[in-house]
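Peer 1: The structure that follows is given in the form of structure tokens.
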4 protein chains.
Amino acid sequence: MIIVLKPGTPEEGIQQVVDAVKQFEYEPRLIRGVERTIIACVGDERNHHTLESLIVLPQVESVTPVQKKYKLVSREYHSANTVLDVAGLQIGGGQFHVVAGPCSVESQQQTIETAKTVKLAGATLFRGGAFKPRTSPYDFQGLGKEGLELLRQAREQTGLPIITEVMSPQDVETVAEIADVLQIGARNAQNVPLLAAAAASGKTILLKRGMASLIEEWLLAAEYICVHGNSKVILCERGIRTFEHACRNTLDVSAVALAKQETHLPVFVDPSHAAGRFDMVIPLSRAAVAAGADGLLIEVHPNPAAALSDGGQQLKPRQFAQLMAEIRPFVEAMGKRMAAG
Amino acid sequence: MIIVLKPGTPEEGIQQVVDAVKQFEYEPRLIRGVERTIIACVGDERNHHTLESLIVLPQVESVTPVQKKYKLVSREYHSANTVLDVAGLQIGGGQFHVVAGPCSVESQQQTIETAKTVKLAGATLFRGGAFKPRTSPYDFQGLGKEGLELLRQAREQTGLPIITEVMSPQDVETVAEIADVLQIGARNAQNVPLLAAAAASGKTILLKRGMASLIEEWLLAAEYICVHGNSKVILCERGIRTFEHACRNTLDVSAVALAKQETHLPVFVDPSHAAGRFDMVIPLSRAAVAAGADGLLIEVHPNPAAALSDGGQQLKPRQFAQLMAEIRPFVEAMGKRMAAG
Amino acid sequence: MIIVLKPGTPEEGIQQVVDAVKQFEYEPRLIRGVERTIIACVGDERNHHTLESLIVLPQVESVTPVQKKYKLVSREYHSANTVLDVAGLQIGGGQFHVVAGPCSVESQQQTIETAKTVKLAGATLFRGGAFKPRTSPYDFQGLGKEGLELLRQAREQTGLPIITEVMSPQDVETVAEIADVLQIGARNAQNVPLLAAAAASGKTILLKRGMASLIEEWLLAAEYICVHGNSKVILCERGIRTFEHACRNTLDVSAVALAKQETHLPVFVDPSHAAGRFDMVIPLSRAAVAAGADGLLIEVHPNPAAALSDGGQQLKPRQFAQLMAEIRPFVEAMGKRMAAG
Amino acid sequence: MIIVLKPGTPEEGIQQVVDAVKQFEYEPRLIRGVERTIIACVGDERNHHTLESLIVLPQVESVTPVQKKYKLVSREYHSANTVLDVAGLQIGGGQFHVVAGPCSVESQQQTIETAKTVKLAGATLFRGGAFKPRTSPYDFQGLGKEGLELLRQAREQTGLPIITEVMSPQDVETVAEIADVLQIGARNAQNVPLLAAAAASGKTILLKRGMASLIEEWLLAAEYICVHGNSKVILCERGIRTFEHACRNTLDVSAVALAKQETHLPVFVDPSHAAGRFDMVIPLSRAAVAAGADGLLIEVHPNPAAALSDGGQQLKPRQFAQLMAEIRPFVEAMGKRMAAG
């Protein structure tokens, strides 16, 4: 921690801060500057009281941490890329995965048909929402357990591993019976009990960034999962909320590049939610690949105009096939290869 | 719904949209403009398929809802102010309430001492976190059930009703045994299973706005609670996340004024979390009162410099007494009066 | 400056940074921490090369300034409130001023009528746009010099001093002939040549915060004016751009409180532009007063529905009179008094 | 315009709005819905009074424009890509251009050396700031006219056309004597007099998006230039200001894709300012190419650690050469080719 004192702080004010620093078991080092005195506090910031509360002392101008707050997810702790095994697929190595499927599982026919279609086009995992976090209570809330059963059938018929969202600690066990990967959605990006319960399932977890999460907070959410003994985490950028509403969210490609630099975890991108409109999904997918993503989550629906949720952002099968064709040269330019199912 | 078609859409393209609108059981009305044709779709948007998915049709330029998405919380549905009874206190009428207490319940002495202090200064409810949603897994996570017991003792000794946060559906029952008001925190502002479980408890719920929640989304979260049969909701603005980081969040006083105009629910403000720094709490409190708030949530700690969480934003007892004195004339200028415990 | 080195930096890497620091004439002080080495660099950051560019060295993790970047506007430099004299009015002392008038000067009748109306209601300065920065080239661009002449007449007939916007260095002289206060608008908040030219006029300058300006950047814009020899600056908060679009901008009341704390300059608030809607202007005005503002800028139009610009946010004369009545007790609760014209 | 009336508006209230609409020479069409009555107003929204001011009528709930506000820049007006000729280079066609050079022109040696270096690596235009808009008055403000002379020498010695910023209408003529392309910076993105003066020069204009400009506002700024008779505009995305500060700004790749879809103008990207840190420039460059950009602006300095401005975001010559090598396959995957100087 670096504590900067206000100009003109008298000796006894300096000493008071020094004493407080010692009391919290840091070792203070005094630097007297031109206008301001600085106290550098030596000690592990993760094991000690945060000194940030010393800002309440009238002579303190600022308190700034020096260490990064996350550890297990960082490359300082583990420098090589983590490669996860999901039902035999390698995620986070040189293979690029496209997870595809409808926003919501709506019916058996829609589910199975979509799964077959996306597999044919090259998707290696199937996604679909059974438990749906919707902004309005009047919107379709998902089929729940019935939806999970449809996902099970989709896997049975296509062999594609399943990613689906879990919204509540109580549902983790039920969802984990069907899902190969548990998704923690953007609205639950800092839902600590859910992070803990999902971690305890031992499943791979796809962790979406919250729509207002700092990159640091996103990594700390992943750290929660690791601290609970499960390091099988896929980070997923899905756009952040900004003043610009032409797209529903603003895809933050720098977050992808930074997450790859800072952590050893695989990083996926969900351009469908970032855009909120189908006509931006392909260019955002290309950009995500080029920024360094290890995979994509794409919403595909046989008839988006009639979809029960988020129809405006779902691709038709033909558009999805076009996406798969368009991203391939970008994946290869990144030195990766499209995964085979 | 208003559907705007792209310039130059041929008749068959128009007819295709008209047919889709009819299929979803809206009644289409065509308006041919200078450049664009508009289809106004008559029908209750809350009971029907959202036509927003029609944006995927190539001839559609935009689809705009006409109705508001929330209903039970709106003044259109219930025009008079809702006045809630919490342990005999009237909330949302002409009385102004200050809820005060530490960020975290840390020990018996800290808890009881703070409760007595804030009561003496005029607080009418006591707040304190037992289950704490923290950004980092290395930060203090709260005392949990032990903390609830300390809150129970605080009520016993001071008579102040208790507001405390619940983070997980499983904990609702336990927390509801102690708490007079359940708090749903900003990180859980769109945690649908938690909203539903909290609603089912029958308790009054203080619902914080998410740090990236649109006002509409905040009201829809309250609508979730109402739809689950519980209309005892206090809305709480606590600052939103913006580009400005001089304060931790940006207190949105227009949200207070708008929520008062749009809904019949009481609206509180939490300036401590909005500011993230103690020296802004008093001016933000005054502004909140002036914008129309019905109450405040203030963090108070006997020794903020040693607090286990968010020390930098907690007031010392002396500062809290000053706050109570400073806001009184503003409360009165609003035609309200400070509640007596 | 505080330079934090990456963990595991070898001695020669440390020495390289130390040498660079010395080369830029700072005095380096080494602190060896648990994981990281810190170099505190002693020297006046405003007179020396910014060391922030040292971040390009591979062993450097972060470079953080210690000093504040602004000086002349700060209370460290000048602790007492600056009180400005504008045509005999005292601004920034205990008197509270309301500047009122139409968004645009549209005609002689509209201008003179509005000036008389707002004077009658208690406004002490008159505002009106002659040069209008509009988002679209198809919107009304203002009457230009003809508008200035109407403003001159308004002053002649009412005695109210005039605030009006200047958009270009070439126009400063012309506008300064008529205006008592030059307004720099939000779109020009960092227009350095305009800040310099306006400063050179010797007039009082009302400096709006840019819609994406950090508080620090707003104060640095004021610092530009002071550095050019003119310290007659009124800061004006007018809302910032955030994800929330229910109001056009988000009024940042914490910026008002912080600007009052950090600087000695008067701080005004423009709730009309912050809200972008007339029905929020009164509550935002009350909140602005309570946050510590020294004055308000309010848009008033005899017939807002027919206004040539921003009709939706302009008050009718009757609403303006109500505003004046409503804010008075809040002004007095702040220990100030409504200025008399 | 679509006007939505509040539920329960009586006939006379409806008639009042209808009359107002007619008075402003629109043709009103009434649609009576389930809860709300809608008035669709037929007429060219760019030639008529904006009806948005009718929101001040108490019975009006919302007023929504139907037309786009920009025209000349849109593909509706001109569907094919505009290809600009800058000193013989084709911009906006199938060739991809990289503009490179230092943030600031600092000295003859630094300027000439950098120009030669970036030309060797494949840049086809040279950039360098002579007039610098800096946040702080204590920062280096650029060499001004002397800097322009150095840019002239750089062109003479390398043949690279010059892009440099102009900050004030008065300087347009001087800068236009040297520059092949005039840059309007992000801080001047809505500086209307500057847009007009730059347009009048007849030069090609590179128009940066403001850090808080909506895409629509950015296009309207370009429309200003076109309306002033100059359609030689290159749009340039350079990151927007959001809550995330890990990079200085958030590069908005969806804005690139949307601008390409909505307009016929070339779109460039400036990843150096978006990132504010050198280590993100290459991944952001790749993403920009993949999103559809027609060119890049890259800051390069022979010794970034000693740069007089923005050293932290400037690439060393070696890093720039790596960037040129890395982006090539992405440019080709987009079906474009790297331009030859």
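We did not get these values from a lab; they are worked out from the coordinates using the rules stated. Being a predicted model, the structure only gives us computed values, none of them experimental. Reconstructed Cβ throughout: ideal geometry from the backbone, glycine too, with neighbour counts over all protein chains shown.
Peer 1: Just to be sure I understand the model, the point goes 7 Å from the Cα along the line to the Cβ. What's the resulting C:ARG46 to A:ARG328 distance in nm?
Peer 2: Distance between label points: 6.2 nm.
Peer 1: Starting from the Cα of C:GLN153, step 7 Å along the direction of its Cβ; do the same at C:GLU76; then give the gap between the two resulting points in nm.
Peer 2: Label-label distance for C:GLN153 and C:GLU76, simple model: 5.1 nm.
Peer 1: Whole angstrom only: what separates the Cα centroid of the range C:48-126 from the Cα centroid of the range B:19-55?
Peer 2: Between the Cα centres of the range C:48-126 and the range B:19-55 lies a distance of 48 Å.
Peer 1: Determine the shielding of peptide C:183-192 by partner chains: average, over its residues, the number of Cβ atoms on other chains within 10 angstrom of each Cβ. Could you put the intermediate results ahead of the total?
Peer 2: On the way: counts 0, 0, 1, 2, 10, 7, 1, 9, 9, 11.
Per residue, the number of nearby Cβ atoms from other chains is 5 on average.
Peer 1: Where is the GNM fluctuation largest for chain A (alpha-carbon springs, 10 angstrom cutoff): A:ILE162, A:ILE178, A:ILE38?
Peer 2: A:ILE38
Peer 1: Take the Cα coordinates of the range C:84-338, assign each an equal point scatterer, and use the Debye formula without solvent to give log10 I(q)/I(0) at q = 0.07, 0.11, 0.12 Å⁻¹.
Peer 2: Debye curve over Cα of the range C:84-338, log10 I(q)/I(0) at q = 0.07, 0.11, 0.12 Å⁻¹: -0.19, -0.50, -0.61.
Peer 1: Right, next: Can you tell me, using C-alpha contacts under 8 Å and at least 6 residues apart, the relative contact order of the range C:84-338 as a whole percent? Intermediate values should be presented prior to the final figure.
Peer 2: On the way: 552 pairs, mean separation 49.4, N = 255.
It comes to 19 percent, rounded to a whole number.
Peer 1: If I fit a long axis through the Cα atoms of helix D:317-333 and take the longest principal axis of the Cα atoms of chain D, what angle between them do I get, 0 to 90°, rounded to 10?
Peer 2: Between the helix axis and the principal axis of chain D, the angle is about 50 degrees.
Peer 1: Counting helices only, and only those DSSP H runs with n ≥ 4, report the 222 nm mean residue ellipticity of the protein assembly as shown as the sum of -39,500 (n - 2.57) divided by its residues, in deg cm²/dmol to the nearest 500. Before the final figure, lay out the partial values.
Peer 2: On the way: 40 runs with 452 residues, N = 1364.
The per-residue figure over the protein assembly as shown is -10000 deg cm²/dmol.
Peer 1: How big is D for the range C:2-64, in µm² s⁻¹ as a whole number, if Stokes-Einstein is applied with the Kirkwood radius of its Cα pairs at 25 °C and 0.890 mPa s?
Peer 2: Details: Rh = 11.5 Å.
Roughly 214 µm²/s, to the nearest whole number.
Peer 1: For each pair in D:LYS208/D:LYS260; A:LYS119/A:LYS336; C:LYS145/D:LYS71; A:LYS208/B:LYS68; C:LYS119/C:LYS232, compute the distance between the two Cα atoms and list the pairs where it is over 22 Å. If you can, show how the numbers build up before the last one.
Peer 2: Numbers: D:LYS208/D:LYS260 15 Å; A:LYS119/A:LYS336 20 Å; C:LYS145/D:LYS71 29 Å; A:LYS208/B:LYS68 29 Å; C:LYS119/C:LYS232 24 Å.
Pairs exceeding 22 Å: C:LYS145/D:LYS71; A:LYS208/B:LYS68; C:LYS119/C:LYS232.
Peer 1: Under the convention of a label 7 Å out along Cα→Cβ, give the distances in nm from B:GLU156 to the same position in every other copy, shortest first.
Peer 2: 5.6, 8.2, 9.1
Peer 1: Additional query: Taking every DSSP beta bridge with both residues inside the protein assembly as shown, roughly what % is antiparallel (nearest 5)?
Peer 2: Values: 74 of 190 bridges.
Percent antiparallel among DSSP bridges in the protein assembly as shown is about 40.
Peer 1: Still on this model: So for the pair A:LYS22, C:GLN109, with labels modelled 7 Å out along Cα→Cβ, what separation do we get in nm?
Peer 2: Simple spin-label model gives 8.1 nm for this pair.
Peer 1: Take every DSSP beta bridge whose two residues both sit in chain A, then give the antiparallel share in percent to the nearest 5.
Peer 2: The antiparallel proportion sits near 40 percent.
Peer 1: Averaging sequence separations of C-alpha pairs under 8 Å and six or more residues apart, then dividing by the length of the range B:274-341, give the relative contact order as a whole percent.
Peer 2: On the way: 63 pairs, mean separation 23.7, N = 68.
So the answer I get is 35 percent.
Peer 1: So how far, in whole Å, is the C-alpha centre of the range C:302-341 from the one of the range C:272-287?
Peer 2: 10 Å
Peer 1: Set the Förster radius R0 to 25 Å, insert the Cβ-Cβ distance between B:GLU12 and D:ARG32 as r into 1/(1 + (r/R0)^6), and round the FRET efficiency to 0.05. Intermediate results must be reported in sequence, preceding the final value.
Peer 2: Working: r = 28 Å, r/R0 = 1.12.
Computed FRET efficiency for B:GLU12 and D:ARG32 comes out at 0.35.
Peer 1: A further question on this structure: At R0 = 60 Å, how high is the FRET efficiency between D:ASP85 and C:SER62 if r is their beta carbon distance? Nearest 0.05 is fine. List each step's numbers first, then the result.
Peer 2: Working: r = 45 Å, r/R0 = 0.75.
Given R0 = 60 Å and the Cβ-Cβ separation, E is 0.85.
Peer 1: Sticking with this one: Could you state the per residue volume, in Å³, of the convex hull enclosing the Cα atoms of the protein assembly as shown?
Peer 2: Considering the Cα atoms of the protein assembly as shown, their hull volume per residue is 152 Å³.
Peer 1: Nm distances between the label at B:ARG32 and the same-position labels in the remaining copies, 7 Å along Cα→Cβ, shortest first?
Peer 2: The projected label point of B:ARG32 is separated from its counterparts by 2.5, 8.6, 8.7 nm.
Peer 1: Out of the range D:1-91, which GluC sites (Glu not before Pro) are coil in DSSP terms and have no more than 12 other C-beta atoms within 10 Å?
Peer 2: Sites meeting the loop and neighbour criteria: D:GLU25.
Peer 1: How many angstrom lie between the C-alpha centres of the range A:146-211 and the range C:194-229?
Peer 2: That distance is 53 Å.
Peer 1: Now, a different point. Between copies, how far does the label point of A:HIS78 sit from its twins, in nm, shortest first, when each point is 7 Å from Cα along Cα→Cβ?
Peer 2: Here A:HIS78 shows inter-copy label distances of 5.0, 5.5, 5.8 nm.
Peer 1: A:LYS145: net charge of surrounding residues, Cβ under 14 Å, Lys/Arg +1, Asp/Glu -1, itself excluded? Mind dumping the intermediate values first?
Peer 2: On the way: positive: A:LYS132, A:ARG152; negative: A:GLU146, A:GLU149, A:GLU165, A:ASP171, A:GLU173, A:GLU177.
Surrounding charge for A:LYS145 is -4.
Peer 1: Taking each residue in B:281-294, count the Cβ atoms of any other chain within 10 Å of its Cβ, then average. What number comes out?
Peer 2: Working: counts 1, 1, 10, 7, 2, 11, 15, 4, 5, 15, 11, 3, 1, 0.
That works out to 6 on average.
Peer 1: Cut-off 10 angstrom, C-alpha nodes, Gaussian network model of chain C. Which of C:ILE31, C:ILE112, C:ILE205 fluctuates the most?
Peer 2: Fluctuation is largest for C:ILE31.
Peer 1: I've got another one for you. Take the alpha-carbon positions of the range B:122-203, form their convex hull, and give its projected area averaged over all directions (one quarter of the hull surface) in nm².
Peer 2: Working: hull surface 22.8 nm².
With the hull built on Cα positions only, its mean projection is 5.7 nm².
Peer 1: Given the rotation that superposes chain C on chain D, what residue of C brings its beta carbon nearest the axis, and what is the distance in Å?
Peer 2: C:ALA212, 2
Peer 1: Could you pull the Cα extents of the range C:124-167 along its three principal axes, largest to smallest, in whole Å?
Peer 2: Extents along the principal axes, in whole Å: 34, 18, 14.
Peer 1: Separate question: Just from the alpha-carbon atoms, what are the Rg and Dmax of the range A:177-317 in angstroms?
Peer 2: In order Rg, Dmax, the Cα atoms of the range A:177-317 give 14.9, 43 Å.
Peer 1: Please find, in a Gaussian network model of chain D (springs between Cα atoms separated by less than 10 Å), the residue of D:SER107, D:SER53, D:SER272 whose mean-square fluctuation is greatest.
Peer 2: D:SER53
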